[in-house]
Amino acid sequence: MNNKVTIDSYKDIAPAGTIDLIYNLAGRLQGKSFLHVNSTRYGGGVAEMLHRLLPMFNDLGINARWEVMEGTPLFYQTTKNFHNALQGLPSEISSEMYDEYIKVNRKNAKKISFAADFAVIHDPQPAALIYKKPKHVPWLWRCHIDISRPQRKVWNFLKEYVLQYKGTIFSLPSFSQKLSIPQFLMYPSIDPLSDKNRDLTDKEIDDVLSQHNLPRDKPIMLQVSRFDRFKDPLGVIEAYKLVKKYNDCSLVLAGGGAADDPEGIEVLRQVKEEASHDKDIFIFDLPPDANITINALQRAATVIIQKSTKEGFGLTVAEAMWKGKPVIGGAVGGIAVQIIYGRTGYTVNSVEGCAYRARHLLNNPDSLLKMGQDAREYTRHNFLITRHICDYLSLMVYMLGV
Ligand code: UDP
């Protein structure tokens, strides 16, 4: 963590009363241990949040640990196909792949230490570790993806494991499923004091832009995202091309691969090909620790896009809104909750809609500014790490009965 960030550091940032509530709840959980398990330490929103949440729990006297499972190329291909299928895309999963999923979970079960008073297992990859759950320890399965219309076969397979948990956590009510166990709702969050979101000086922003040879002579449209089909980077390029007919601007697509996403390389190749004839399109394939770069790009951009076609919850949307930027986002999943249409941004359903709203914002700097201010306040009240900590602590208090 940069400098020493403690819960008190958020006193002037979080809505009034939040920090007192956190201390109150944490007081009931002193010395308890809290385990998180996922499948990647870097890349994607889950890792992003765990990096920030864990030190906060420890600061509050809760022994928080994070274990990352290890897979094989076939395992990651399998869980990527699970991911696609659960988000509704047709996806082939062979019996060899199902076997690999089980085998890798069993292997990891032998290596990971599960000692904890409470555990949250994130996403489908480690879901099958559930057989290691000690009898009286509550484990919850947290699903970060849009599972509202899953491919039945894959969901039925996974559900066998999910039903063995004490409960589930989904990011939106519409993602909940017919299950006989409790289902909790928790929005993800961003950390306003991380390098990804903290205030930057003008010099810091300028340095990043010049390091990347990104001129500031025209407005910048930006999408920050892993190179993933569900993020629709090719649709963003199409929208930019429509905008460009009328408004001189540049487009930045900044992203990287997550360690558990084998498809990213191919998507990036297509994006580069599509962008190759336009000198105003900048494709940045970023390393996992490019936090200040992303922060600076979000601050330098005029119009921020998140044109996902499926999205559990767009951390990038909250990051942009916190920086006082309205966001144009695909009208899907969490984005539809994060963006209040016409107030904190616009949700769109097509390339044309995206281009239309981008042009509207480029042509109306006053409304861009006002919407950006509202976006920041909305984020303060709903999507900051302090709210997320409150949610987790409340859940622990409830599940442990303390
Ligand atoms: N991110 C990053 N580098 C990249 C692309 C994304 O650090 O190259 C970050 C991004 O800023 C955000 C998170 O990864 O914090 C992505 O979370 P989101 O919920 O938007 O999407 P996910 O990747 O989890 O589907």
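Data for the structure
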{"read-out": "Charge dipole magnitude, Cβ of K and R +1, D and E -1 - the chain, Cα centre, debye nearest 20", "value": "1040"}
{"read-out": "Local net charge near Asp285, Cβ-Cβ under 11 Å (Lys/Arg +1, Asp/Glu -1)", "value": "+3"}
{"read-out": "Rounded tilt (10° steps) of 152-162 against the dominant C-alpha axis of the chain", "value": "50"}
{"read-out": "Restricting segment 52-103 to GluC sites (Glu not before Pro) in coil, as DSSP defines it, with at most 10 other Cβ within 10 Å", "value": "Glu92"}
{"read-out": "Gly324 long-range amide H proximity, modeled H, under 5 Å", "value": "Arg376"}
{"read-out": "Simple Cβ-charge dipole of segment 1-75, Lys/Arg +1 and Asp/Glu -1, about Cα centre, in debye nearest 20", "value": "120"}
{"read-out": "Sum of side-chain charges, Thr386 neighbourhood, beta-carbon under 13 Å (Lys, Arg +1; Asp, Glu -1)", "value": "-2"}
{"read-out": "Listed peptides 119-130, 145-156 by packing density, highest first (mean Cβ within 10 Å)", "value": "119-130, 145-156"}
{"read-out": "Residue-by-residue Karplus 3J(HN,Hα) for segment 374-379, coefficients 6.51, -1.76, 1.60, Hz, glycine and proline x", "value": "5, 4, 5, 5, 4, 5"}
{"read-out": "Apportionment of accessible area to carbon and sulfur, the chain, percent (1.4 Å)", "value": "51"}
{"read-out": "Size of electric dipole in segment 261-346: Cβ of Lys, Arg +1 and of Asp, Glu -1, about Cα centre, debye, nearest 20", "value": "480"}
{"read-out": "Centre separation in Å (Cα based) which lies between segment 4-29 and segment 164-217", "value": "20"}
{"read-out": "Inter-site label distance for Leu185 and Asp278 at 7 Å from Cα along Cβ, in nm", "value": "3.8"}
{"read-out": "Folded to 0 to 90 degrees: helix 385-400 orientation relative to the chain principal axis, Cα", "value": "20"}
{"read-out": "Sites Asp207 and Asp285, calculated FRET efficiency, Cβ-Cβ separation with R0 25 Å, nearest 0.05", "value": "0.80"}
{"read-out": "Amide H contacts under 5 Å for Gly330, placed H, 5+ residues apart", "value": "Gln306, Lys307, Ser308, Val348"}
{"read-out": "Computed FRET value (nearest 0.05) for Tyr98 with Tyr42, which takes r as the C-beta separation and R₀ as 22 Å", "value": "0.25"}
{"read-out": "Largest to smallest principal axis extent of the C-alpha atoms in the chain, angstrom", "value": "63, 51, 36"}
{"read-out": "Chain lengthening between His360 and Leu21 when straightened (0.36 nm per residue, less Cα-Cα)", "value": "117.9 nm"}
{"read-out": "Pairs of Cα atoms farther than 19 Å apart, segment 1-158, %", "value": "61"}
{"read-out": "Segment 70-85 versus segment 223-274: alpha-carbon centroid distance in Å", "value": "23"}
{"read-out": "Per-peptide average of other Cβ atoms within 10 Å, ordering 392-400, 235-243 highest first", "value": "235-243, 392-400"}
{"read-out": "Ordering of 359-365, 290-296, 194-200 by packing [mean C-beta count within 10 Å, highest first]", "value": "290-296, 194-200, 359-365"}
{"read-out": "Long-range HN-HN contacts of Leu251 with modeled amide H, under 5 Å", "value": "Met221, Ile281, Phe282"}
{"read-out": "Degrees, to the nearest 10: 233-244 long Cα axis against longest axis of the chain", "value": "20"}
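The values are calculated or read from the model by the stated rules, or taken from the named source; none is laboratory data. Remember, predicted model here, so these are calculated numbers, not experimental data. Glycine also receives a Cβ, built like all others from the backbone with ideal geometry; neighbour counts cover every protein chain displayed. For accessibility, only protein heavy atoms count, side chains too; no ligands or nucleic acids. Shrake-Rupley method; radii C 1.70, N 1.55, O 1.52, S 1.80 Å.
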